Ligand code: FES
């Protein structure tokens, strides 16, 4: 392929990307697209205090890894094999949770997450539920394993 052909190829790819971006913008909020394109807190943690894995109604899986200290979520990572919206949800929910007290995180709902993303289409609302349910499972498992909130309050 010579330089001109490559340049033509690049133009075609850029044009397809542009069309896809316009399609996404017609469906999703700017925040969803931003969190999907540049996700925060994505990855697997080597030595977490709690790990939760849930497979949602759509068949996609969300994993959440938590580090807890003095009743606070000091670190959180997520991983998913799901859709773009699940990546946006994982990214945003981890940003909402990081640094917060466990008792405050327990109050976060999928509605809060959808609001933080400036909305989601109806067919993607379950992606927010998957992300929040997985965070809540990680917290519950942590508290169950460590003797409840009193342990979380006094230790680490
Ligand atoms: S998490 Fe399965 S479609 Fe979004």
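Each value in this text was obtained by applying a stated rule to the coordinates, not by laboratory testing. As the structure is a prediction and not an experimental result, all values here were calculated from the model. Using ideal geometry, Cβ is built from the backbone for each residue, glycine included, and neighbour counts are taken over all protein chains shown.
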Distribution of pairwise C-alpha distances over the stretch 32-80, 10 Å bins, in %: 25, 45, 28, 2
Label point distance in nm, residue 12-residue 83, each placed 7 Å from Cα along Cα→Cβ: 2.9
Normalised contact order of the stretch 46-156, rounded percent, pairs of Cα under 8 Å and 6 or more residues apart: 31
Expected output is a single nm value to one decimal: the length gained when fully extending between residue 95 and residue 21, i.e. 0.36 nm times separation in residues minus the C-alpha distance. What is it? 24.2 nm
State the dimensionless ratio Rg/Rh of the chain (Rg: radius of gyration of Cα atoms; Rh: Kirkwood radius). 1.11
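To make sure I understand, if each residue's beta carbon is the centre and we count other beta carbons within 10 Å, what order do 62, 92, 45 fall in, fewest to most? Walk me through the intermediate numbers first.
Details: 62 28, 92 25, 45 19.
Ranking 62, 92, 45 by Cβ neighbours within 10 Å, fewest first, gives 45, 92, 62.
For 85, 7, what ranking results if the residue with the fewest other Cβ atoms within 10 Å of its Cβ goes first?
Working: 85 25, 7 11.
By the 10 Å Cβ count, ascending: 7, 85.
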